[in-house]
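Here is the structure we will look at.
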Amino acid sequence: MYFVDLFSDLLNRIGLHGVVAHYAWIVPTCQTIHFFGLALLMGFVALFDLRMLGFGKGLSMLHLNRFLPLAAIGFAINMITGTILYAGDPSMFGHNVAFGFKMLFILLAGINVLVFYISGTARTVEALGPGDDAPLAARVIGGTSLFLWVGVMFWGRMLPFIGNAF
């Protein structure tokens with residue numbers, strides 16, 4: 001928990017905690033924007049992963065690949081708004097089991113993306129045309145991605161119900 005305390009202290013020192021605590025509109029605004037970021041992220045990641053799993057075979061992976069920057073934008077939005085929400089009251093999140101699992105699932109999803117690109121699977125998948133089946137490695141990575149991102153949403157939703165958060 002050293003990292004959690006260190007991160008909380010950093011947010012407090014730069015004044016983000018005070019700003020979020022002072023303005024009541026920041027938290028609901030960030031929650032709303034966080035939801036839109038999640039919709040961007042999950043919408044395009046799920047579409048891409050489902051195509052790798054064999055759904056929507058009429059779609060070219062090259063065309064779907066063009067939408068992945070929108071998923072990255074959604075992730076960036078969630079990183080920013082999530083940090084602001086965390087800064088508002090670090091004690092609600094830092095030592096919450098659900099928050100820990102959410103962060104673990106995000107880390108594992110990031111590792112899964114790295115494996116997808118470093119292993120060369122991304123190049124193989126990009127070449128798939130309409131009707132082509134993805135190789136087994138791509139299907140495993142796609143299924144793992146879906147599982148992990150749904151897990152991120154699950155653990156995020158469980159924050160108020162597990163631990164001492166709210």
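What follows draws every value from the coordinates through simple rules; no lab data is involved. The model shown is predicted, which means the values in this text are computed figures rather than measured ones. When we count neighbours, we look across all protein chains shown, and the Cβ atoms used for this are built from the backbone with ideal geometry, even at glycine.
Subtracting the Cα-Cα distance from 0.36 nm times the residue separation, let me have the gained length for Phe147 to Ala39 in nm, one decimal.
That works out to 37.3 nm of additional length.
For the stretch 81-166, calculate the relative contact order in percent as a whole number, restricting contacts to Cα pairs under 8 Å that are 6 or more residues apart.
In percent, rounded to a whole number, it is 49.
Identify which of Phe105, Phe36, Phe48 has the largest mean-square fluctuation in a Gaussian network model of the chain, with springs joining Cα atoms closer than 10 Å.
Between Phe105, Phe36, Phe48, it is Phe36 that shows the largest mean-square fluctuation.
Just round it to a whole percent: the fraction of Cα-Cα distances in the stretch 1-90 exceeding 23 Å. Don't skip to the answer; put the middle values down first.
Numbers: 1680 of 4005 pairs.
So the pairs more than 23 Å apart make up 42 percent of the total in the stretch 1-90.
What ranking do His63, His95, His34 get, fewest neighbouring Cβ atoms within 10 angstrom at the top?
His63, His95, His34
Please give the charge dipole size of the chain, origin at the Cα centre, charges +1 on K and R Cβ atoms and -1 on D and E Cβ atoms. Round to the nearest 20 debye. Don't jump to the answer; show the numbers that get you there.
Numbers: 8 positive and 7 negative charges, 46 e Å.
Computed charge dipole of the chain: roughly 220 debye.
According to a simple spin-label model (label point 7 Å from Cα along Cα-to-Cβ), what is the distance in nm between Tyr117 and His95?
3.7
Ordered by residue, what ³J(HN,Hα) values in Hz, to whole numbers, does the stretch 96-103 give under the Karplus form 6.51 cos²θ - 1.76 cosθ + 1.60, where θ = phi - 60° and Gly and Pro are x?
Rounded to whole hertz, the list is 8, 4, 4, 5, x, 5, 4, 5.
Would you calculate the separation in nanometres between label points at Thr29 and Phe7, each defined as 7 Å from the Cα along the Cα-to-beta-carbon direction?
The answer from the label model is 2.3 nm.
Using a Förster distance of 45 Å, how high is the FRET efficiency between Ile14 and Leu47, based on the Cβ-Cβ distance and rounded to 0.05? Could the numbers behind the result be given before it?
Working: r = 37 Å, r/R0 = 0.82.
Between Ile14 and Leu47 the formula returns 0.75.
Quote to one decimal, in nm, the extra length available between Leu107 and Ala76 on full extension: 0.36 nm per residue of separation minus the C-alpha distance between them.
Answer, rounded to one decimal: 9.7 nm.
On the Cα set of the stretch 64-156, report Rg and Dmax in Å, please.
15.7, 50
Mind jotting down the three principal axis lengths of the stretch 2-158 based on Cα atoms? Whole angstrom, largest first.
Answer, in whole Å and largest first: 54, 29, 25 Å.
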